[in-house]
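Asks: Right, I'll just put the structure down here and ask away after.
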Amino acid sequence: MAANSRFAVAVHALTALAYRGARGEAWTSSEKLAESVRTNPVVVRRAIAALVRAGLVEAAAGRGGGARLARSAADIPLAAV
């Protein structure tokens, strides 16, 4: 996947996590994020892994797990992605 596609998936995932977090969802699965981005869940998992390494997202494995923002969306500059 091209670098610009990874960036677009990462930004979309962060936006979806911010939206779902504001609506009260604690964790969002990679399957739900993949539906939103319209891509394979594996692509989303790779993007989430990179965002976890950057400290922007927290992730929990297993049933009931998923991803959520590690800090407020207002505190995440686009340059950090």
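Asks: Condition first: of a type in the set (Ser, Thr, Tyr) and within 20 Å of ALA74 (Cβ to Cβ). Now tell me which residues in region 10-62 satisfy that.
Replies: THR15, TYR19, THR28
Asks: Could you please give the count of residues in region 25-81 that are basic (Lys, Arg) and in contact with a strand residue (DSSP E or B) (Cβ under 6 Å, 6 or more places away or on another chain)?
Replies: The total comes to 1.
Asks: Separate question: Name the pairs whose Cβ atoms lie under 7 Å apart, with the first residue in region 34-50 and more than 13 Å from VAL11 (Cβ to Cβ) and of a type outside the set (Ser, Thr, Tyr), the second open to solvent by 50 Å² or more (accessible area, probe 1.4 Å) and in a helix (DSSP H, G or I), and 6 or more positions between them or separate chains?
Replies: PRO41/GLU31
Asks: Among the candidates ARG68, ARG46, which residue alone is open to solvent by 60 Å² or more (accessible area, probe 1.4 Å) and either in a helix (DSSP H, G or I) or at pLDDT below 90 (or both)?
Replies: ARG46 is the lone residue from the list that is open to solvent by 60 Å² or more (accessible area, probe 1.4 Å) and either in a helix (DSSP H, G or I) or at pLDDT below 90 (or both).
Asks: To continue, here is another question. What's the number of the only condition in (1) more than 14 Å from VAL81 (Cβ to Cβ); (2) touching a residue at least 40 places away in the same chain (Cβ under 8 Å); (3) out of contact with any Asp or Glu (no Cβ under 6 Å at 6 or more places or on another chain); (4) not aromatic (Phe, Trp, Tyr) that ALA18 fails to meet?
Replies: (1)
Asks: Is it true that some residue in region 42-54 is under 19 Å from TYR19 (Cα atoms) and more than 11 Å from the chain's Cα centre (by Cα)?
Replies: no
Asks: LEU78 is checked against (1) in contact (Cβ under 8 Å) with a residue 60 or more places away in the chain; (2) surrounded by 11 or more Cβ atoms within 10 Å (Cβ to Cβ) and fails just one. What number does that condition carry?
Replies: Only one criterion is unmet by LEU78, namely (2).
Asks: What's the total number of residues in region 51-65 that are farther than 18 Å from ALA8 by Cβ and either of a type outside the set (Val, Ile, Thr) or open to solvent by less than 50 Å² (accessible area, probe 1.4 Å) (or both)?
Replies: 10
Asks: A further question follows. Based on this model, can you work out whether ALA8 counts as open to solvent by less than 60 Å² (accessible area, probe 1.4 Å) and of a type in the set (A, V, I, L, M, F, W, C)?
Replies: So ALA8 passes the test.
Asks: Still on this structure: Being within 10 Å of the chain's Cα centre (by Cα) and among the hydrophobic types (A, V, I, L, M, F, W, C) is the filter here; which residues of region 1-26 pass it?
Replies: Correct list: VAL9, ALA10, VAL11, ALA13, LEU14, ALA16, LEU17, ALA18.
Asks: While we're looking at this one, here's another question. Being of a type in the set (Gly, Ala, Ser) and on the phi > 0 side of the Ramachandran plot is true for just one of GLY21, GLY55, GLY65. Which residue is that?
Replies: Step by step, each of GLY21, GLY55, GLY65 is checked, and only GLY55 is of a type in the set (Gly, Ala, Ser) and on the phi > 0 side of the Ramachandran plot.
The values are calculated or read from the model by the stated rules, or taken from the named source; none is laboratory data. Keep in mind that what you see is a predicted model, and the values were worked out from it rather than measured. Ideal geometry is used to build each Cβ from the backbone, glycine not excepted, and the neighbour counts take in all protein chains shown. Ligands, DNA and RNA are stripped out before the accessible areas are found, and what is left, the full protein with its side chains, is counted by its heavy atoms. Shrake-Rupley method; radii C 1.70, N 1.55, O 1.52, S 1.80 Å.
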